[in-house]
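Working notes for the structure below.
The values are calculated or read from the model by the stated rules, or taken from the named source; none is laboratory data. These numbers come from a predicted model, not from an experiment. Every residue, glycine among them, receives a Cβ derived from its backbone with ideal geometry; neighbour counts consider all protein chains shown.
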Amino acid sequence: MSKKRVVIAGMGFGGLSAAKALAGSDVELTMMDRNNYHLFQPLLYQVATAGLEEEAIAYPIRALTRNWKSATFLLSDISGVDLDSKLVITDAGEVPYDYLIVAAGSRTNFFGLQSVAKYAFDLKRLDQAEDMRNHILLMFEEASREPDSEKRSALLTFVIVGGGPTGVEFAGALRELIVYVLSQDYPLISLSETRIILVEAADSILTAMPEKLRNYAHKKLVAMGVEVMLETRVVGASGESVELYGGDLITSHTLLWSAGVAAAQLDVKPQVERGAAGRIVVQPDLTIKGYPDVFIVGDMGCCMSGGLPLPMMAPVASQQGAYAAGALLKRLHGDEPEPFHYFDKGAMATIGRSSAVATAAGFNLSGYIAWAAWLLLHLYYLIGFRNRLVVMMNWTYAYWFQERQVRLITAKKRRAALIQ
């Protein structure tokens, strides 16, 4: 009897978790992704704020899987799936499967705001983080030689949309970069000239956390010098301004969007039921109704729990990837898997130096203890000893010397494209 061919489409947290669970099993495993590396997305903002090198948060997939038997990797863009023909459609051709795990991830959701999509930065890919770092440093370079005070103010105003963990962490890291590093590199620019504005449509930041932690994070950001605008929506943007609902404008050349995500665009035939943000509705065992050989994990899948879809977060994707692999193996042996149940391990966000918030198992932590827990957990989940070592050394150096080493402007194309 020939081995069953299992294809994993996407090697983010869900795909990697599934691949690890299937490694060494009696299947022919084919992994595919548009990148040849696994990206640790939770630390992308630190690349954007000159805290880490790009390669410190990425790990080559082939290096990870080189010793896995009956496993191959295909570098390709995945455009669709033909469920009836059991084919994955890619730019490298059609790939047949016996079982399929779709873990294609997500994309930034601009909610139909075309001008925002054109001018805002987002942090979903490694090159976007490098673009953001280049842009921030270029703003200071231009401001340092700009005599007009209004133009300098626009260059030195940074608007961040979205008060979730990404927005909060980016705001804190950017403020520390400006206060401790860029203020020394650009002595002609006063700290009072710089503005970081965090815009959130809800009535608080970090809405998934308990009120006490939300308030702590808010007060900490304000104390650091971040302006927090609640119950405020961004409705448009240009290369030099950000438009708020009601018509108010913030003069700024920099807009970071972290206000939402949607499922990655994937053409599935025949059409399947979709939930909010384009996510594919799945059965309790994470399969598509009528197709027990296709599992949808992570941000692509709309899996209900307690009447609500599970959040689009890395822990959900990791647990679902491992579950899908186990369920698949059970089916191969003639057994039926139990329904998927998500174990919520809590949530955390770092705000700045020695400060973070965390909630887990009914315990709420803030300050230094939460910050230390955040550091240890992120180091633990990074892939590769070298990456852990490099990140730990960068964090230690930054903590003791209040310095960021990766202040490199590697391209000016992004900035030029925005003002054309």
Legend entry - Flag if GLY239 is without any contact (Cβ under 8 Å) to a residue 24 or more places away in the chain and either in a loop (DSSP other than H, G, I, E, B) or in contact with a helix residue (DSSP H, G or I) (Cβ under 8 Å, 6 or more places away or on another chain) (or both): no
Inset, instruction - Within segment 351-369, identify whether any single residue is surrounded by 17 or more Cβ atoms within 10 Å (Cβ to Cβ) and in a helix (DSSP H, G or I), and answer yes or no. - result: no
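Would you kindly identify the strands (runs of 3 or more DSSP E) lying entirely within segment 250-340 that contain at least 2 residues that are exposed (fewer than 15 other Cβ atoms within 10 Å of the Cβ) and not charged (D, E, K, R)?
Answer list for segment 250-340: none.
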Inset, instruction - Specify the residue that is surrounded by the most Cβ atoms within 10 Å (Cβ to Cβ); the eligible residues are those in segment 198-228 that are of a type in the set (Asp, Glu) and within 19 Å of SER258 (Cβ to Cβ). - result: GLU200
Inset, instruction - Need at least 1 residues that are of a type in the set (A, V, I, L, M) and either at negative phi or modelled with pLDDT of 95 or more (or both) per element, so show me which strands (runs of 3 or more DSSP E) inside segment 79-127 make the cut, counting only ones lying wholly within it. - result: 87-90, 93-96, 99-102
Inset, instruction - Scan segment 1-37 residue by residue and report those that are crowded, with 23+ Cβ neighbours inside 10 Å and farther than 15 Å from GLY326 by Cα. - result: ALA9, GLY10, MET11, GLY12, PHE13, MET31, MET32, ASP33
Inset, instruction - For segment 189-220, enumerate the residues that are polar (S, T, N, Q) and farther than 30 Å from GLU150 by Cα. - result: SER204, THR207, ASN215
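Return the only residue of LEU138, LEU126, LEU174 being surrounded by fewer than 20 Cβ atoms within 10 Å (Cβ to Cβ), within 18 Å of the chain's Cα centre (by Cα), under 30 Å from TYR37 (Cα atoms) and touching a residue at least 60 places away in the same chain (Cβ under 8 Å). Quick ask: steps written out before the conclusion?
Working: LEU138 fails: within 18 Å of the chain's Cα centre (by Cα); LEU174 fails: surrounded by fewer than 20 Cβ atoms within 10 Å (Cβ to Cβ).
Residue meeting the stated conditions: LEU126.
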Inset, instruction - Could you check how many residues of segment 370-393 are surrounded by 19 or more Cβ atoms within 10 Å (Cβ to Cβ), part of a helix (DSSP H, G or I) and touching a residue at least 60 places away in the same chain (Cβ under 8 Å)? - result: 3
